[in-house]
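What follows draws every value from the coordinates through simple rules; no lab data is involved. Here the structure is a predicted model, which is why all the values come from computation and not from measurement. Note that each Cβ is placed from the backbone with ideal geometry, even for glycine, and that neighbours are counted across all protein chains shown.
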Amino acid sequence: MSEMRSSLPDMLERSVIARGGDVFFRAGERRYSLSDTQTEVRELADRLAGCDIGPGDMLAVDLPNCAEFVFVLFAAASLG
């Protein structure tokens, strides 16, 4: 599990540097670039950290397959 925590944020960071404008995923009609995703992830990670969620904490999420799920996955991984 510790590999996932470090590899997801690192993968996103490397991808943004290499191809930030490329489409990373699509949710409905909306397309999210790598840069868009990184921005959303950073903002959500900051909000989660503001709720005292940090390394080692458990986070339960009940979301359908949607853009917000992607953001939560990466944000939680970035917080450890």
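From the list Gly28, Gly21, Gly80, Gly54, which one is out of contact with any Cys (no Cβ under 6 Å at 6 or more places or on another chain) and touching a residue at least 60 places away in the same chain (Cβ under 8 Å)? Break it down stepwise before answering.
Numbers: Gly28 fails: touching a residue at least 60 places away in the same chain (Cβ under 8 Å); Gly21 fails: touching a residue at least 60 places away in the same chain (Cβ under 8 Å); Gly54 fails: touching a residue at least 60 places away in the same chain (Cβ under 8 Å).
Answer to the selection: Gly80.
Could you check how many residues of segment 7-30 are within 15 Å of the chain's Cα centre (by Cα) and more than 15 Å from Ala77 (Cα to Cα)? Explain how you work it out, then say what you get.
Taking segment 7-30 and keeping what is within 15 Å of the chain's Cα centre (by Cα), we get 7-16, 20, 23-27.
Remaining after also requiring more than 15 Å from Ala77 (Cα to Cα): 14-16, 20, 23-27.
The qualifying residues number 9.
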